[in-house]
Every structure is written in C-alpha cells, then in structure tokens.
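The values are calculated or read from the model by the stated rules, or taken from the named source; none is laboratory data. In this text, all values refer to a predicted model and were calculated from it rather than measured experimentally. Please note: Cβ atoms are built from the backbone with ideal geometry, for glycine as well, and neighbour counts cover all protein chains shown. Protein only, heavy atoms only, side chains kept; ligands, DNA and RNA dropped before computing areas. Shrake-Rupley method; radii C 1.70, N 1.55, O 1.52, S 1.80 Å.
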Amino acid sequence: TSSLNFSPTSLCPLVLVLPGSAFLKSCSPDPGAKKRCDEKLLVTMKTECQSCFLNLEMDCPAGYMKITNGSGIRDCRYYLAIEIKTYTLSLPGCRHICTKEFQQPECCQGYWGPDCMACPGGATSPCNNRGRCSQGINGDGTCACQNSFQTHGDLLKLIHFCTVCSCIHGTCNSGITGDGRCTCFSGYKGINCDEPLPSCEALQCPENSRCSTSPDDETNLACACLPNYQGDGKTCEPINPCSKAVCDPSAYCIYLGPNRHKCTCQEGYRGDGQVCLPIDPCQGRYGNCPAQSTICKYDGPGKSHCECKEHYRNFVPGKGCHMTDICVTNNTCHKNAKCTMVAPGQITCTCQKGYVGNGFICYGNIMERIRDLNTELEGQWQGKLTSALSLMEYAYEWALSSLGPLTVLLPTNKGFRGINIKDLLSNKEKAQYFAKLHIIAGQLGTNDLNNTNTIYTLTGKSGEILKGDKDNQLKIRLQGGKKKGKILQGDVIASNGILHIIDKAMENVEPTFENTKEETIMSVLRDNGKYSRFRSLLEKTTLAFALEQNGGPYTVFVPSNNALDNMQDGALDYLLSAEGSRKLLELIRYHIISYTQVSEIDLLSYPTNTLHISRKGQILVNGEEMEETDIIAKNGRIYTLAGVLTPPSIVPILPHRCDEERSEIKMVRKSLSKGRCVYETLSNLATGCARYCNVTIKEPKCCKGFYGSDCSQCPGGFSKPCSGNGQCMDGMKGNGTCICADGFQGSHCQFCSDSDKYGPRCDKKCPCMYGKCNNRIDSEGGCLPGSCRSGYIGKFCDKHVIPCQPFVQFCHAQATCQLSDGIRRCVCNPGYEGDGTTCSEVDPCATLIPGGCDINAECIKTSLGTHTCICQPGWSGDGRDCSAINNCLLPNRGGCHDNATCMYVGPGQNDCECKEGFRGNGIECEPINSCLNQNGKCHHLATCQFVSSGVWSCVCPKGYEGDGTMCYGNAADELSALSEAAGFNQWIDEAAINSVLSTTPDLTVLVPSLQAFENMDQDEKAFWMSKNNIVALLKYHILVGAYTLADFQNLSSSDALPTSLHGKFLHLSKENENITVEGAKIVVGDIAATNGVIHVIDKVLMPLIGVSGMMPKLLARLEQMPDYSIFRGYVIQYSLANDIEAANSYTVFAPSNDAIESYLQNKRTVTLDEDQIRYHIVLEEKLLKSDMHNGMHRETMLGFSYQVGFFLQNDQLYINDAPINYTNIATDKGIIHGLGKVLEIQKNRCDINDTVIKNVSCRGKTDYSPLHSSPLSTQNFTFCYVVFLLQTRGCCAGFFGPQCQPCPGKAGNACFGNGVCMDGVNGTGECKCDEGFNGTACETCNEGKYGHNCDQECPCVHGKCNSGTEGDGTCECDVGWRGVRCNSVLIFDVAFFSFHYSSCFLQSNSSAYCKCAAGFKGNGTYCTAIDACEIGNGGCSVKAECRRTTPGNRVCVCKTGYTGDGIVCLEINPCLKNHGGCDRNAECTQTGPNQAVCNCLKGYSGDGKTCTYISLCSVNNGGCSEFAICNDTELTERTCTCKPDYIGNGFKCQGNIYQVNHNIPLLPQNRFQIPHMLGQGPPS
C-alpha cells in the first residue's frame, strides 16, 4: 500500500503538542489577535493501474491536475478483465500522477476547537506557561500541568518532591505565591513556631484572638486576631472571601466559614470555579452530530446545533443527513460502467466485468471490439471488417471473448483478396490454423513492434517486422511468406488485448506437421525424423503403448533431437541405462498431460509458473521455446519444443555418485571351469582358474549432498543442502531429511525456529511490530501478508491508523488516516491497494509470488485481502513449506504388495516391483516356487534350503561361515583353496601343523606369494626347508591375534606384532597409507577365515639364524625395557612375579619411570605400596591392544571390587585416565603395556565374598568346577567335595549403578548430607531430600525457606527473599513497598518520580533517599535491570544454560545430554534404562552425556548388543587335563573326563609308562604358545 503524503506549506507554523501539565489562569483573549492559521496542503495521488494503451486517455479526478505525460509511469500491475475460472491474471500496467492544493482548517498557536478559542491563561501564555494546552482544531483546551503544579478548588499548594512546610504551631504561607513562612499560634514564636512565649493570661484576649508579640514592640505582648479573622485584636470578625472577586466571573462564590469559600462554574461552563471555560458541545462527541454527514455549530456556552454538510440533505436527529445520490440525478458514466458514490459530491465510474476503461469510456473484449468497429455508424471501418469478423467468430469466438491477453492482426475485406473465405469457413481446422497466423500471445503495441524485428504467432511460426519502406509504416511478413501486411490503424484497445488493422492477410504458410485424426501420437512422431530421439525414449517406457492406443486424450510436449543432444554430457546416456530408468520415466511423464487435450489458446489460461510469454509473443514452457503448436492427432495434441523439460525432482539427472573401489579376494565356483581370474597385483599370475580371484569391487556411494538409491539432491540443493543450516541425511541409505541446526526449522531449514527472528543466521530481531513475522532466512523481516493486527498497516505492521476525522475529506471510502510528525496520510484498508485517495481490491494470489506460498502450493483467495496456501497433490505441508510426499514411506507403501519393492518416481508417485523370488505387477506378487530355479546361485559348498513361499536360502555346511553365496572355513581350509598359497601349503604339510591352523582361534597368517618363493635364495631355501627349521619359519608367519588391514591402519609404527615364534615380533611400517610388515607389502588382504585372517605378502619373512624359540618370562622381559625399571623393582620387592607367572595368562600395565617419579613427587611420598602395583595387573587374560574395547572393564589382582576400565578418546586408548603409550610387548604367558601415568586405586565397589562347599561323587573319572568359582580342594578319600567362592556384586555407600558411579553431591558426602541417595548396583542415584531441601543433589531449600537446615520461613510479603542454605532471610522490596517484611506501602506515589524501578524512603532526620527495587541496581535515581546470568553463569551449573526471566531472576536449564535442576546437572546415563540396549551378558559403560557402549562380559563374544556364550572347553581345554575330554553341560559349567586308558579326576589324568614317556617333551622349556606347534628353531 502506498501512502499519500501531504506537504504542508502552512500559513502559520504547526505546533507539536507534547503531554505535560500547567496551571490555569483566567485571561481574556486579545480581540484583535489572529485565531485561524489554515494549512495549505499539496495532495498527491496516482490513478488506478490499467493497460498502458488505455491509460493514454485516462484523466485525473475532478479538481486534480495531471503531471505525467503519455501513458504515465510503468510501476504497477493490473488484473486482466477476463473471466478465467479460479485465478486472476496480473499484467504490467501504467498510471498517472495527479496533484491538488487543499486548504486544511487549523487554529493558530494558543487556540483550540472548531471556533479557535483561546487556551486557559490566554493565547500568548497558554496554561500560564506552566503546562501544555491541548490546542489545535481537534484540541479540547485542557491543560496538562508540569511537575510541581496541580489544580485544586482551594489554595494552590507547592509540592516539590519530598519538600513540605515545617510550621509546628502555626500556619504556612503556601500556594503558588507563598514563601513558606509560618504564622505562629498564641504563645509560640520562632521560624518554625516551635518556641513557647511567657504567660499570656493577663491580657484576657477575647474570642477569635490570641496572645502574641506586639507588632510595634517585640518586647510587649498584645492580642491579635486568629488566622482567617480580621480586626484590632479586641474585636475580631470572620473573613468572607466572597466579598471580593475571588472566583471567575462565570462562577458562583459560596461562603463556607471563616476565610473559606467554594467557587462553582455556572451552567454552560466547566472548570474549578477560579477558572471557568465555556463548554463547546461540538468538542465533546461532536455535539451528538453524526460526523460523516453533519457539521456541529457552536451557539454559545453549552449550546450547539447540527447542520447538513454540502451534498447532504434532510437532517434526522440522531441519524444525520442523507447523501445526495448524483448517480441518480446526474450519471455521467459509460453505458457499460457502474456509477458509485464514493464521497459527497463525488462519484466513481467502474467498467463492468469484461470491460476496461476509465468508466467514462469502456472497451469490451476483442470480438466485441471487432463487431463495434465493423458496425459503427459513419466509422472508418464500418462494413470493412466483415470477412475478418466471420473468420474469427467461426474459429475462436469463445477464446477471443474470454482469454488473453492477445494481439490480433485484423485484415480488411480487401486484405482477403485471393483467399477463398468460403472454403476456409467450411473446414474448421484450416480456419483455426489460418486464424492463428494472425494471433500473437501477449499484448504487443506499435511501440513494442517498433522495438523488435521478430514476432511469433500462435502457430509457432515467426514473423518479420519491416520498417524501412518508403512510406515508413510498419509491415509484417511471416517467415517463408511473401505478403507484407501494413498496419493501417494500430493499438485498438480491447479488454483482453489489442488489435492492429492491416491491409493484407498473412500468407497461409504450411505447418511442419500435418494434422491427422487418423494417426495416433506415436504414429505422428514416427513419421517425422526430427523428433525420433524422443520417440525412442517413449518406446523404452510403458508410456509408448498408451500413446499408441486410442485412449487419452493426451497433450504431449516433444523436444527435438537437437534439444536432447544438447543435454548435459552423459545425462542422456544415464537415462538410457538400467540405473537411470526411473528418472527417465519421470522425465517422460513431465512432458505429458494425461486425459486432457489442450489447445494453444487454452495454454494461455493455464495458471502455472512454468508458462511465460516473451516480448516477441513466443510461448515459453519452463523457459524452453515452443516451435510447432497444436498438432492434432487421433488421441491428443502435440507441441514441439526447442529444449527439454526437466522435472525438479530428478535434478541433477546424473546421480552424483562417489563410488569407492577396493580389492577383495572373491570365491568362485569350481563348476565354472572356464571362468578366468585376473590377479592385477600379482606379477607372476596374470590369468588362471582358481577358487579365489582378486577382484575390484565398486561400492556404490552418493556424493555429499545427495541421498537415496538414485542419489537425489538434498532439500535446498546439493551445493548448499538444508540451506546450509542443517545436516542432510545423505548417502545411499539416507532419506534426505534435514536435521536442522538449533535456531532453524522447515523441510530444508529455510525458516527460523524463533518466530520473531529472521536473516541467514536467524540472529536478526524481526522489525514486524504488530503482525506475524516472515521468519524465512531470506526475508527482510517484514510481516506476512494479511497478518497485521486491526488498526495497523504497512510492511512491518508499524503504521497506526485511525478513522478519518470529518476535517480530512480527500481520503477514499476504503481508506483510513495516519498522522505522523504533523503530516497526514491516507492509507488503504487491509484487502485494498492504492495511494489512499484511490483504493482498489487486491488479490493476494495475483502477485508474482502468490501469497508468499511455496512454489509447490496453490494460493486460494478466501475473503477480502486474505488467502490460504494449499500444497499441490503429491506434496504436504502448511502451504508456506511443502515437502514432496514419498509414497514408499507411507504406511501402505504406495499400495505395493508385502513382497514387492516400492520405488519412488516423483512427488506422490511410485512404482511397485516384485522382490526376487516373486513375480507379478507389484500390486500383486506370487512366490516363485522351490530351489529348483536357483541353481548356480549358492556357493559350491552350500545347499539351497526352501524357507517359505518364494523364500529360499543358501546355507553353508557346518564348520563354515558365510551367507551361502560365499562360504569360508578355517585357516587351513582357506589356505588349501588359495592357489597363491601352494608353496606355503607344502610347508604346512611338511611341518604337520594343519590341525593347529584349523583349531587355534584369533590368528593372522602372512602367506608369501608364489613369486616370493621363487625369489628366495637357494641356500636360504635349503636351510629353512629342513625338518628342524621349517616349524620356526612357519611360526614366524603366524601372528597372535586376528589383524585386518583396518587394524593395521589403526596401529602405530611403534606397535610390535607378536608372532607364534617365542620372543619374536614383526615391525609395522606405514608410508603414504601403504602398509609393510618387516618390509613385505600386503598384496591381497583380508581373506576371511572362521578363526582369523589371511594376507598374501610379496616376500618370505625369515627370522635371524640362531634365534632361540624361548619367549622370556615377565622379569626377563621387563629387564629388556629400561624405561620401566622402577616398576620391575616393585614387582621384585613385593615378590609378585611368581603369583603372576602362576596364572595361565596375564596382562601387565607398567607405568614408565617418568610416570612413577612424577606421581611420587606430586603425592609427596617415597614409594608405591603393594596394592598399587597389584592394581596394575590383570590375571587369566592376555589383552592385546585390539582386545581392549572402549568402555570395557576388567578386575585386577586386588579382586573383582577393584576394576580398571578402558576408554578411547580422540583415537588414544586410556586405562582409567592413564594413556597407553607402548603396547603389545609379549612374554611367555602374557602381554605388557606401557603407561604414561600411575593408576590410582578406585574404591567404589563393595562386593561380598561367600565360601560354599559342594559335595560331589568320586565315582567315575569326572570332576566339577562351576564358572566364577575357585576350587580349593578336590578329593578326600571316599568322597569328594568342591570348595569355591561366590561373589555378590555391590556398590559402596554413595555409589550407584552397574559401574558404581558416585551419587550427586560432594565426594564422601552424597546429596550434600541433606538427603538419602538411591545407591547400590540397582540404584538410580536419585537423591530423596530431607524435609525443607530440594534440588538434584538436595543442594538448596524449598521455595520460601532459608537457613542451614532450610527450616526458616522467608517473611517477605512484597519482595525478594535472600533464601537458600546460605541465605539470611532478609528482604529486597519490590517497587512501592518498604519495611523489614516489605509490607508497608510507600507514602509517595511513584508517578511523581522520574525513576520507575526505585522507591522513595524517609530517613530518621526526615530527609528522603531513593533505593532501587528488587531485581534492579543503581543509585536509586537511575536503576537498571539486573542480568542474573551475567556473572558466573548465574550460579547455574557449567553444564546448564542460564536464561533470564524477570529483572534479577533466572532459570537454569541443563544442556542436552544432562539432567537435573540446572544448579546441579548430571550426565544422563543410558545404562540405567533398559541396560542401555546392551545384551544381558554384556556390561554397559557410560562414555559421555547420554552416551554409552556395550561390551560382552568375559566368557561371551559379540558386539555387546548381542553376546553369545564362549564354550569353556574351547579355551585351554576348559582347565581339564590334556589327557581328558572337556564337555560343556551348562552355560557356566563343564565336566572333565579322562580319555580311555587314562585314570584320574579329569583335571589330572595318568596313563601307563609308555603313554607318559611318549607325551613328555624332550625340551619342556620349548613348548609353544599355539598347542602342538613343536620345534626348536634354527640352531645357533
């Protein structure tokens, strides 16, 4: 809405009236003074927007002067006057600027009211210069007094802040002229009348007199009259003020007693009696005269009457006058216009629907204009347009009457010379084609034709504009034609376009396509090679069949071959691929309108943002030029395009894949004897036949910013997904959802979540004052259309409007007034647009961005100035934000069968495809029966098993793992099938360790390639192939632990890899991400085996000749580690070596010398005690670095109650809080890891140990030992028993949860001693607070309590209490209250003071002081609100957010991942709810706020979410004798039974002499870590 500005060129200056206060003083106005100072205003307005051609004849309203020339200014849009179903067409237009001088009545300074009466106190000194007068023609003459002054009926009193008269026994000389002096009562004297006089009894003063000092001689006493009396002291009479002129001349004086009176204004006057003003009824409710139609006339004090305004008549009391209807008495409008009274004496003429003009002249549609021109009496074209009229009526009468805008070239009758008009009118299709050669889309005037060289007709044919002929007149010739049509008369205006009368008809140029109702659309395309590419694309989809049939009808937009060839490189090839078939289908669908036959004329009536008309009249679809139009076929119509229409849902067309390649050994089936295998990285074998092939696998992945199987771009575009304000769920498995950052929301994070913020960062305060903010990130912070509150308008809803006063007569009937800085403006009401003097109804849906709706929404006008946004079919949302509906994500999965895959095609569209094993159309799918159809799909070792209808599965045999299409066995099996391991397999056979490779768990085999064997030196080969050395060589290629390539990448170069050859390690090296082991490159990695991993390397690894096979014991290994010598000394000092070595395995965490020295220095001690050393040792488990998982715990030598935990932070592994710096140093039975810090014992568990004795039978050859038990004795003559320890897990007091975390509060003082913690293993850690206490850790008092015991009640009634455990209960009072309990009201009204957040108090000496109220700070005169969050985060936890509420107050809110009251915030422990989602046989460990990891317990394996039991017998034969058989009986129990021919209890089994001798190793000290892998290593 544009405002109408009035620039005042006043005859006298305007006065800005500010609120204030002044004293009243009667004063007669100067009879010669000037009272009226009318303003001369320059009114500027704009005419209604309309067609620029029509605007040439537009005049300004009566009394206004036009200041623009020609067609005016092009700065507006108008609505086309045609009827097109559900929407309005908005077009660029023109309007004129008009001005008018206007005399606005106004009073001079010091005068008020319509009669401009003088203000109280006189016009020269209004309100006695002690206040502000409500002056001006709209004022009421009242005075707003300054501070310190007020009006009363009695004396004027001086009130200046806290200053008062101080007369103790006397009266004060107060008032505006008073000086504060005291007149003392009898017997008193002094300045304050507080000094008593000597006895006055002797004088015997009469009534109404008193004893006082003589005025003549202060040493003598005399009788004097009392105040309010007069006389000589002997006779005193009461003073009568009414005897003097103390009241206003227009007031009555009433005597009330000695020196007391009352002044009352006479009837018809108002005031306090001292000053009486005449009452002007016209100022109060306008004298009860209806302001719109009458004028109030002042008849004297309290009297007035009503008169009709000009152009009104017949006054009726209470109702007003009736407006004179000029539309009835003197209608000057056009016959096709509507006359409307808009103001007294003013009418507006509005052309009826379907007509355009200024109301005095109205033009009809194109057909109507042709008829008018042809029939106009004595007109230039009377009877000369009959042929053209007949052609247009026959071909397109409805279209030329109802649609537009159109430009029509209208030949005269002579212009049809040589054309048989009767033949044309006998064939409608030919008539329509010929007519279209004379019709141009859009509105092209002669100026437009002069500025271009080419135009396009509705046929798509171009025309040439010729301007250089001798007659210098415009001529038009169609391309390929010879005739030139000269414009005889141009710019004939019609409501839906423009006409140009030409002297020759356009040449009938033949179309490229021949219309045929005998052929289908596919047949027509097949006959024209220019569009063969699109036809072939159709044939690759199911749509070709539909277009070949007689159904429909269809409208098809056909791109040319050149258009398809010009598509982005590779786009067409991708669409033609199997992967791009879905996008191809959607692209083809985007070119077809189903079940609709649209003519080119109809296209102009389609409400779409994709259809535009160029300045040359060419129709553009999505910006692509239309070549041939309206080609008629049997089942529809064809339009040809110079470009391709690409639906937004498939942009970009290319999938933007970022696939990753990796090499992998793939197993092939033996049955494929012809299958050839290419080993790209092995130089000795180019191709061949084998069970294993080294293949390159391409793993499909989307580039960043793309998602889904088709790699569609994320919302907001792939270059800036989620508008740069969120994280897109991208990748092949993503769904494209935007997870918006804090502060943003919307389908692509395009809105601010705070409805009062806007801008790219949502950090700008919205300037929208009284409306709903447009909180888009790309907005300017204005208000949403139609959201302004009642009484406000403008872009920011900040302009306050009021009903127009009767004195403002130039605003439109649908406008209101705005007064700002002395300038009046007329502004159109909501739902209208204009400059205020001219207002027309606005259609919010006719703007360039309809109603601010989403591009995929429809704007629907609901009422005057209001609208709603409805998402289009296939989209969902609120209309401002519409998201594409993915049918495949709906509950019914797009109507697909349960055994079908739903494929997203576009918004609200999908296809269904039966899954593998089923057949059908996707809506219905039936199973493909049995495994018989699946031959060749399973691995050669697997079998096909029928599961259910249509479902089959390949199952690997027992002992093998895999998905059935791939099966793999143990390391021995896989090596035997690996052709590259042929040489290595010969070593295994000669060393007879095949069974070891098949049973030993967690090993890594480094297999030299065949070429590596060939490259061995012959002497070395002969040496290592000997019977005594081959085992050592083999063991040097077998690592303890399973290491994948990823594990190698995660290890550092300092990590040593222990081999199964005792005491020998392999060194890892990484350069440019290339891994080498002892200099050998890994040629092929990660060959899976059930018990480990196999890697093929390019060289044979050979240990040093003469190395011993003996792995050193603990102390020997520590002696080889000089940086850990202090720890070794402690192990010796406390005699721990034997206890450690007695275990089957162990893990030692040794602090370095620097770590121990630093610890002793910081703790100020001289040594570590034995318990501290034991805390660094884990028994019965050998933990490599790869075995220590994040969040895992293990008990130490101190027992189960003393555990250590392992944590991964920033790729650094920690044990408790100590970094593990040196890893995997092997001993004969264990592993050593070096630490950079000493572990401090954490005592948070208080487990209970119980001894249990269980009797068992000694019969047979078995023994019994339960899990988690410690057998103390096993046999006692005739019966057996087992003594073992049972542990009951528990937390110490003040600790809770499975990991025994500390309760809230201080260390050793749970819940700060003010409550009871719900501790224990099954506890929640919640504090149950004592009476009076509150908070997460019972750290504060309940509201209204204070003191150390929170048992004191706060006494504050109207103030803030100093509460809490440290509070003292003192009160800080609110504004207007004081006292210890803030329950006393202050005696002074706060309104008298310039400060509003403080209170005025009286001190003991009667002086006043100011103090800021609760929640404010300052000196009392100036107070500012206290920001409670400014210092120390407001006392909130560092893990909380402090949020300001009211001055001096705040609330604390824990951050995400934390819980509590904000003062104390605890990390949310997911493990406390549903065990954190971990398996019941796993430990859940909290690793951060609301973060946890799951690790299977000892004796179980898995990912922590699922844990499976590890057979007791699989490790060290379950603790049974090597001559015994171990059998699992339950999850926690097993039995040991001696083998046949052996006797014993299963733990110890004895055989005969031969058996014993045969099994005693010759060199017991050389037993290897992997069982049965015997060998002495190379000789020295």
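Here is how the numbers come out for the structure above:
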| item | result |
| --- | --- |
| Cα gyration tensor category, rounded, prolate or oblate, for segment 369-497 with a/c compared to 1.5 | rounded |
| Net charge, P61 excluded, C-beta distance under 13 Å - Lys, Arg +1, Asp, Glu -1 | +1 |
| Segment 190-256: C-alpha gyration tensor shape, a/c 1.5 cut-off, then a/b vs b/c | prolate |
| Out-of-range pairs (alpha-carbon distance over 31 Å; input K1306/K1473; K530/K583; K100/K309; K583/K764) | K583/K764 |
| Signed unit charges on C-beta, dipole axis of segment 393-527, positive-most listed residue T457, F513, L488 | L488 |
| Per residue solvent-accessible surface (Å²) - segment 493-561, probe of 1.4 Å | 41 Å² |
| Accessible area of segment 1417-1524 belonging to carbon and sulfur atoms, whole % at 1.4 Å probe | 51 percent |
| Note, ³J(HN,Hα) from phi for segment 996-1001, Karplus 6.51, -1.76, 1.60, rounded to Hz, x at Gly and Pro | 5, 5, 8, 10, 6, x |
| Candidate lysines - alpha carbon under 24 Å from K262, same-chain residues fewer than 8 apart omitted | K25, K157, K244 |
| Percent accessible area from carbon and sulfur atoms, segment 1294-1366, protein chains only, probe 1.4 Å | 44 percent |
| Largest to smallest principal axis extent of the C-alpha atoms in segment 976-1076, angstrom | 36, 31, 30 |
| Interchain or long-range residues, amide H under 5 Å from I1468's placed H | Y1458, T1459, N1490 |
| Hits among aspartates and glutamates - C-alpha to C-alpha of K34 under 14 Å, sequence gap 8 or more where chains match | E106, D115 |
| For L1512, solvent-accessible area (1.4 Å; no DNA, RNA or ligand), Å² | 40 Å² |
| With every protein chain in place, segment 950-1086: carbon and sulfur % of accessible area (1.4 Å) | 46 percent |
| Solvent-accessible area of H305 with every protein chain in place, 1.4 Å probe, in Å² to the nearest 10 | 70 Å² |
| Accessible area, probe 1.4 Å, largest first, for residues L572, L890, L1239 | L890, L572, L1239 |
| T862 accessible area, 1.4 Å probe, all protein chains in place, Å² to nearest 10 | 80 Å² |
| Contour excess over end-to-end distance, with Cα ends at Q945 and R761 and 0.36 nm allotted per residue | 60.4 nm |
| Cα-based reach from K757 at 19 Å (exclusive), listing aspartates and glutamates while leaving out same-chain residues under 8 positions away | D742, D778, E780, D798, D881 |
| Shape category assigned to segment 512-654 from the gyration tensor of Cα positions, a/c cut at 1.5 | oblate |
